[in-house]
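The values are calculated or read from the model by the stated rules, or taken from the named source; none is laboratory data. As the structure is a computational prediction, the values presented were derived from the model and not from experiment. Cβ: placed from backbone, ideal geometry, glycine included. Neighbour counts: every protein chain shown.
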Amino acid sequence: MKLWKGATFAFVLCGAALSILLVKNTATVGQNSPPPSGPHRRIRSTNEMNSLLSEFSSMFQSFTEGELQHVVETLLDRKRRKSLGDNQARRTKRARRPKSCSLRQLELTVTELGFGYESDETVVLRYCSGKCTAHRKNYDLAMKHMMQTGFRLKGRRDKVSNGPCCRPTAFEKNISFLDNKNRYQTLQNVSATNCGCV
């Protein structure tokens, strides 16, 4: 943003120099010509206009060829570097933000469930996943602290949970399928319908 301000400032300076040049030239042209006798247009000589244009073009060319090109290159380089840094920062923030506890789903075969059934049928497994850091209570905070320091000082090595877990709070009643031996099978409490921090 600062670079664009600098480029804008350079263009404003160039515009101011141009306007001063135009005012000087038009003021000298107005003094040399007799006052108009009516609402007629003033005829300008081509020599005055050509000299004005040549002065302006030489001033503008000297500015654009050297300094303006350098300013534009600098602006583009900084913008490229900044946009790369911004994208990396956004990506890092997004990666650090934990997803809250929610219901997710996955399509897989019955064999992939791991219950020992051989079947090529596919089922939709709904499961719970995510963090529950927003649902921690004082108990959870105390247990976390005790696991880090307190239990060691007391000589205890108990395994306790130091925070709520994302778990199913309700399940689908049944998942029914036909196995590879053409037998009808039913599984209960496999796929979640609701999730919560427990």
Mind listing whichever residues of segment 137-180 are of a type in the set (Lys, Arg) and outside any helix (DSSP H, G or I)? Lys137, Lys154, Arg156, Arg157, Lys159, Arg167, Lys173
Does segment 77-95 contain any residue that is over 28 Å from the mean Cα position of the chain (by Cα) and at pLDDT below 85? no
All positions within segment 134-180 that are more than 30 Å from Leu113 (Cβ to Cβ), surrounded by 11 or more Cβ atoms within 10 Å (Cβ to Cβ) and hydroxyl-bearing (Ser, Thr, Tyr): Tyr139
Could you please give the count of residues in segment 110-128 that are outside any loop (DSSP other than H, G, I, E, B) and of a type in the set (Phe, Trp, Tyr)? 1
Of the residues that make up segment 111-125, is at least one farther than 20 Å from Pro164 by Cα, among the acidic types (Asp, Glu), surrounded by 12 or more Cβ atoms within 10 Å (Cβ to Cβ) and in contact (Cβ under 8 Å) with a residue 24 or more places away in the chain? yes
Please find, within segment 147-162, the residue that is modelled with the lowest pLDDT out of those that are within 39 Å of the chain's Cα centre (by Cα) and farther than 15 Å from Cys197 by Cβ. Val160
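In segment 185-198, how many are farther than 19 Å from Val124 by Cβ and loosely packed, with under 12 Cβ neighbours inside 10 Å? Break it down stepwise before answering.
Pass one, segment 185-198, residues farther than 19 Å from Val124 by Cβ: 196-198.
Narrowing the set further to residues that are loosely packed, with under 12 Cβ neighbours inside 10 Å leaves none.
Selection size over segment 185-198: 0.
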